[in-house]
Amino acid sequence: MRLSILHEDFSVEPRVAGSPDTVKRLVGLGAEVVVASGAGVASGVLDADYQSAGATIAADNAAAVKGADVVLAVRRPTAAQLAGVNPGALVVAIMDPYGHEAELAELAGAGVSTIAMELMPRITRAQVMDVLSSQANLAGYRAVIDASAEFGRAFPMMMTAAGTVPAARVFVMGAGVAGLQAVATARRLGAVVSATDVRPASKEQVESLGAKFVAVEDDEFKQAETSGGYAKPMSAEYQAKQAALVAAHIAKQDVVITTALIPGRAAPVLVSAAMVAAMKPGSILVDLAVERGGNVEGAVPGQVVTTANGVKIVGHLNVPGRLAATASQLYAKNLYAFLETQIDKASKALAVKWDDELVKATLLTRGGAVVHPAFSKAEVVAEVKPEATPAA
Ligand code: NAD
């Protein structure tokens, strides 16, 4: 069983899909692990560290994937990047499938089986494989650090001989995984923290972290959580009530961190240009939803925008990648936890359990076709290779 770890394009992705720890564990399961040279550099891992863990180093991605049965990556590789893999190889990454049906069809045409880690069901057994949580948690932390770096004032209250400095006021919008970590981080830095969400369950979580919960708690709010634990899109009427409440609150804040998302849809706009205009000069907004359309009007993906009234809107891309070493360590562990369940310990061979609910939920392509029900209308564009059973 040959398993390769790709070198990502560092201009957009500094993370890496393997750590010395996971390489060692995979070697322990009988895998021959090949890492593309330099793959870990942006996460602080050298080729020599992977070698000490039992991997061999390939000159580049093309050499790394040659003869591979499993390819691990952070972002979806192109079909061309996978040339030379064994027929039916398993490719595991954050596949970002929505809106990329053509790329999926190409991967199907290359004959590989692809697993989208972000589609992993949020059930207890799969918590250790949950890349959305491992990465969102870090994004929430980093959003507060990025806000403090842009903010011209201190976060904690300070009583000094030269005078008293008030604590910063931080408001977190969207109290899921990222938002709750942002609340906790801002609290640790000494800020006065409040947070909002449309899911009633988040109220207790926010309050247990010592922050104030601010929300329109009407009948619609009481039913805003789906059975899967996600937020529903809210009615125009609710959004208007929410905007009125939030507008008054935001005007008094120093820092606003937005994390609100609705699965499969554009992010809701929660902060209007008028609300930004009402904030004090020097205030900071960090929009963690900027890659999904943005929660803040005026946020620009990849930029820090300063408005006419001196407010900064931070729209960094790939925020988990801004903590690449930690993000890679946790992502690699998520991948390992999944793979471990798909390797036969006795024969030390890949033995994908196609009927397993984890595989069914995440499998995008197999045997030349796009097989995931949400994307199976994608047209297969390239030649289909037969799928082989991986050798023991
Ligand atoms: P997410 O990234 O989809 O969204 C972030 C937050 O934005 C959510 O809390 C959502 O309610 C909120 N939001 C959406 N629209 C909003 C609006 N108009 N105004 C204010 N807030 C809005 O969510 P997530 O962080 O992935 O978490 C979703 C849920 O899944 C949570 O209940 C979380 O506890 C749960 N979860 C469960 C597991 C597990 O069981 N394995 C793992 C992780 C998360």
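The values are calculated or read from the model by the stated rules, or taken from the named source; none is laboratory data. Quick caveat, the model's predicted, so the values are computed rather than measured. Please note: Cβ atoms are built from the backbone with ideal geometry, for glycine as well, and neighbour counts cover all protein chains shown. Surface accessibility is based on the protein's heavy atoms, side chains included, excluding ligands, DNA and RNA. Shrake-Rupley method; radii C 1.70, N 1.55, O 1.52, S 1.80 Å.
Would segment 273-290 turn up any residue that is part of a loop (DSSP other than H, G, I, E, B) and within 23 Å of residue 237 (Cβ to Cβ)?
yes
Can you give me the number of residues within segment 338-363 that are of a type outside the set (S, T, N, Q) and closer than 16 Å to residue 74 by Cβ?
The qualifying residues number 2.
Pairs under 8 Å by beta carbon, first residue modelled with pLDDT of 95 or more in segment 321-334, partner open to solvent by 50 Å² or more (accessible area, probe 1.4 Å) and not charged (D, E, K, R), six or more apart or different chains?
If the second residue must be open to solvent by 50 Å² or more (accessible area, probe 1.4 Å) and not charged (D, E, K, R), the pairs left are 323/141; 324/44; 325/44; 333/128; 334/128.
Just the residues that are surrounded by fewer than 18 Cβ atoms within 10 Å (Cβ to Cβ), in contact with a Pro (Cβ under 7 Å, 6 or more places away or on another chain) and either within 15 Å of residue 149 (Cβ to Cβ) or not acidic (Asp, Glu) (or both), please, taken from segment 270-314.
Those that are surrounded by fewer than 18 Cβ atoms within 10 Å (Cβ to Cβ), in contact with a Pro (Cβ under 7 Å, 6 or more places away or on another chain) and either within 15 Å of residue 149 (Cβ to Cβ) or not acidic (Asp, Glu) (or both): 309, 310.
Hey, can you tell me all the residues within segment 71-118 that are within 16 Å of the ligand (Cβ to nearest atom), surrounded by 19 or more Cβ atoms within 10 Å (Cβ to Cβ) and either over 22 Å from residue 23 (Cβ atoms) or free of Cβ contacts under 8 Å to residues at least 12 places away in the same chain (or both)?
116
Filtering segment 208-219 down to residues that are of a type outside the set (Lys, Arg) and either modelled with pLDDT of 95 or more or surrounded by 15 or more Cβ atoms within 10 Å (Cβ to Cβ) (or both), which residue is farthest from residue 145 (Cα to Cα)?
Filtering first and then ranking leaves 216.
Does any residue of segment 220-236 turn out to be surrounded by fewer than 17 Cβ atoms within 10 Å (Cβ to Cβ), more than 10 Å from the ligand (Cβ to nearest atom) and at pLDDT 95 or above?
no
Can you give me the ranges of the strands (runs of 3 or more DSSP E) entirely in segment 148-207 with at least 2 residues that are open to solvent by 70 Å² or more (accessible area, probe 1.4 Å) and away from the ligand (no atom under 16 Å from the Cβ)?
Once the strands (runs of 3 or more DSSP E) in segment 148-207 are filtered for at least 2 residues that are open to solvent by 70 Å² or more (accessible area, probe 1.4 Å) and away from the ligand (no atom under 16 Å from the Cβ), what remains is 158-160.
Is at least one residue of segment 237-260 near the ligand (Cβ under 10 Å from one of its atoms), in a loop (DSSP other than H, G, I, E, B), closer than 14 Å to residue 172 by Cα and in contact with a strand residue (DSSP E or B) (Cβ under 9 Å, 6 or more places away or on another chain)?
Within segment 237-260 (the criterion being near the ligand (Cβ under 10 Å from one of its atoms), in a loop (DSSP other than H, G, I, E, B), closer than 14 Å to residue 172 by Cα and in contact with a strand residue (DSSP E or B) (Cβ under 9 Å, 6 or more places away or on another chain)), the answer is yes, since at least one residue qualifies.
Name every residue in segment 315-330 that is buried (at least 24 other Cβ atoms within 10 Å of the Cβ) and over 13 Å from the mean Cα position of the chain (by Cα), in order of residue number.
Scanning segment 315-330 gives no hits.
Is it true that some residue in segment 249-261 is open to solvent by 70 Å² or more (accessible area, probe 1.4 Å) and within 24 Å of residue 319 (Cα to Cα)?
There is at least one residue in segment 249-261 that is open to solvent by 70 Å² or more (accessible area, probe 1.4 Å) and within 24 Å of residue 319 (Cα to Cα).
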